[in-house]
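The values are calculated or read from the model by the stated rules, or taken from the named source; none is laboratory data. This structure is a prediction, so every number in the text was calculated from the model and none was measured. Quick reminder, even Gly has a Cβ in these numbers, built from the backbone with ideal geometry, and neighbours come from all protein chains shown.
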Amino acid sequence: MRNIFILPTSNISRLHTYSYNRLALSSLALSWNEAKHVYVTSDEPIVKGDYYVHDDIVRKAGYEISIDTAKKIVLTSDPTLVKDGVQETDNEFLEWLVDNQLSYQIKIERLETNRPYLINFKERYLE
């Protein structure tokens, strides 16, 4: 099941699309016409205060969410969510994503560290 969401934003971003919806990564965050943020989700339960994606819309949970199609956001390039405690995607992942644009699913692992999620994107898999 899909766990990478690349969604449009009206804010500045390093990630954007250009002709034929190809992803590109700039060295600076700019206000592109086609600016994007990436959201990596998990199947973990969504509790109050978590961010989640449902119908390609990012929301913050005001209570526990039990919608089957809602997915908890665990990693993101969106600075608003990062400021609110969601783990930031690193540059290596963003570069990989631009180079592997047909990937909609990656393996993530929960760790007991100050950065609780590890992306195993080099061993990506699709259903």
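Here is a list: Val38, Val58. Which entry is more than 20 Å from Asn100 (Cβ to Cβ), assigned to a strand (DSSP E or B) and touching a strand residue (DSSP E or B) at 6+ places or on another chain (Cβ under 7 Å)? First the steps, then the outcome.
Details: Val38 fails: more than 20 Å from Asn100 (Cβ to Cβ).
Going through Val38, Val58 in turn, the sole match is Val58.
Which members of segment 61-89 meet the condition of being under 22 Å from Arg2 (Cβ atoms), not in a strand (DSSP E or B) and not β-branched (Val, Ile, Thr)?
The answer is Ala61, Ser66, Asp68, Ala70, Ser77, Asp78, Leu81.
Would you call Ser103 touching a helix residue (DSSP H, G or I) at 6+ places or on another chain (Cβ under 8 Å), hydroxyl-bearing (Ser, Thr, Tyr) and at pLDDT below 85? Reasoning before the result, please.
Values: touching a helix residue (DSSP H, G or I) at 6+ places or on another chain (Cβ under 8 Å): yes; hydroxyl-bearing (Ser, Thr, Tyr): yes; at pLDDT below 85: yes.
The answer is yes for Ser103.
Any idea which of (1) over 14 Å from the mean Cα position of the chain (by Cα); (2) modelled with pLDDT of 85 or more; (3) outside any loop (DSSP other than H, G, I, E, B) is the one Glu44 doesn't satisfy?
Only one criterion in (1) over 14 Å from the mean Cα position of the chain (by Cα); (2) modelled with pLDDT of 85 or more; (3) outside any loop (DSSP other than H, G, I, E, B) is unmet by Glu44, namely (3).
Got at least one residue in segment 31-48 being exposed (fewer than 15 other Cβ atoms within 10 Å of the Cβ), within 20 Å of Asp90 (Cβ to Cβ) and either of a type in the set (Val, Ile, Thr) or in contact with a Phe, Trp or Tyr (Cβ under 9 Å, 6 or more places away or on another chain) (or both)?
No: segment 31-48 contains no residue that is exposed (fewer than 15 other Cβ atoms within 10 Å of the Cβ), within 20 Å of Asp90 (Cβ to Cβ) and either of a type in the set (Val, Ile, Thr) or in contact with a Phe, Trp or Tyr (Cβ under 9 Å, 6 or more places away or on another chain) (or both).
Spot the failing condition for Pro45; the list is (1) touching a Lys or Arg at 6+ places or on another chain (Cβ under 7 Å); (2) farther than 15 Å from Val82 by Cβ, and only one is missed.
(1) is the only condition that Pro45 fails.
What is the one condition in (1) within 12 Å of the chain's Cα centre (by Cα); (2) within 22 Å of Val98 (Cα to Cα); (3) at pLDDT 90 or above that Tyr52 does not satisfy?
Going through (1) within 12 Å of the chain's Cα centre (by Cα); (2) within 22 Å of Val98 (Cα to Cα); (3) at pLDDT 90 or above one by one, Tyr52 breaks only (2).
For segment 51-83, enumerate the residues that are within 22 Å of Phe93 (Cα to Cα) and either of a type in the set (Asp, Glu) or touching a helix residue (DSSP H, G or I) at 6+ places or on another chain (Cβ under 6 Å) (or both).
Across segment 51-83, the qualifying residues are Tyr51, Asp56, Asp78.
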